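First the structure, in the form of structure tokens, and then the observations on it.
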Amino acid sequence: MNRVVVGIPTRDEMVTDTAFCLAALAAYEVARGETFGFINPRGSLLSVSRNHIVDEAMAQDATHILFVDSDMTFPSDGLKRLLAHGESLVGTNYPTRRRPVRPTAVGMEGRLIYETDQQGLERVRGIGLGFCLIEVDVFRAMSRPWFCDGWDAKRESFTGEDSHFCLTVPYPVLIDHDLSREIGHVGAYEFTHADTEALRDG
């Protein structure tokens, strides 16, 4: 039987829409009779929080971790749909939350990927972990730390802990194209009268 923990790394706050999505997901899973719990470490470093989530999941004998970032929106049956694939690591290709808006999944050829007619699962090189299901056994097959920032020598810049994880995990990284279209990424936007003028002129 599956025992899923929902791991939500946060700094200080969670987006209201994310909280409502989590409540809807919890109600849906309880109605299905599923066993699951929440882990919510708080801190300024996502890599530290994600490692803590894995430690706690192992301590609770969880079978899976559903990573949910504190600024995501998703359908109430999102966990069920990811579990149904029976894969060790399957996530979603959601958009960035700043302009210019781009997809977050990097294809096997090293380019960002997104097409409106894509369906099913696709193996990719990297994803964001904003809404991603991973079997706990995946981490048992890896050495610690599971998450840490990497260094891209070619670009002379750091890479996020999720990108570094995808490059080191010894399992295929998959995305669910159908579910990806139902995932939102909430960002801040500063409204000015330039928006007023754009609406008037448009």
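Taken together, the values in this text are just the output of simple stated rules run on the coordinates, not laboratory data. Everything numeric here is computed off the predicted structure, so don't read it as measured data. All Cβ positions, glycine included, derive from the backbone under ideal geometry; neighbour counts span all protein chains shown.
Under the condition of being of a type in the set (A, V, I, L, M, F, W, C) and assigned to a loop (DSSP other than H, G, I, E, B), which residue from the stretch 68-89 is surrounded by the fewest Cβ atoms within 10 Å (Cβ to Cβ)?
By that ranking, first place goes to 84.
Any idea how many residues of the stretch 10-67 are more than 22 Å from residue 81 (Cβ to Cβ), within 15 Å of the chain's Cα centre (by Cα) and either in contact (Cβ under 8 Å) with a residue 60 or more places away in the chain or part of a helix (DSSP H, G or I) (or both)?
Adding up the residues that qualify gives 7.
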- Task: Of the numbered conditions (1) of a type in the set (Val, Ile, Thr); (2) touching a residue at least 40 places away in the same chain (Cβ under 8 Å); (3) exposed (fewer than 15 other Cβ atoms within 10 Å of the Cβ), residue 101 fails exactly one; give the number of that condition.
- Result: (2)
- Query: Which of (1) under 19 Å from residue 164 (Cβ atoms); (2) exposed (fewer than 15 other Cβ atoms within 10 Å of the Cβ) does residue 116 not meet, given it meets every other one?
  - Reply: (1)
- Considering residues of the stretch 86-138 that are of a type in the set (Ser, Thr, Tyr) and within 11 Å of the chain's Cα centre (by Cα) only, the residue farthest from residue 5 (Cα to Cα): 104
- Query: From the list 122, 109, which one is loosely packed, with under 14 Cβ neighbours inside 10 Å, of a type outside the set (S, T, N, Q) and more than 19 Å from residue 8 (Cα to Cα)?
  - Reply: 109
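Checking the structure you have, find out if any residue of the stretch 178-186 is assigned to a strand (DSSP E or B) and either closer than 27 Å to residue 59 by Cβ or under 15 Å from the mean Cα position of the chain (by Cα) (or both).
Within the stretch 178-186, one or more residues are assigned to a strand (DSSP E or B) and either closer than 27 Å to residue 59 by Cβ or under 15 Å from the mean Cα position of the chain (by Cα) (or both).
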- Message: Looking at residue 177 and the list (1) within 22 Å of residue 29 (Cβ to Cβ); (2) surrounded by 16 or more Cβ atoms within 10 Å (Cβ to Cβ), which single condition is not satisfied?
- Response: (1)
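What residue, among those in the stretch 68-85 that are within 13 Å of the chain's Cα centre (by Cα) and of a type in the set (D, E, K, R), is farthest from residue 6 (Cα to Cα)?
The extreme case among them is 71.
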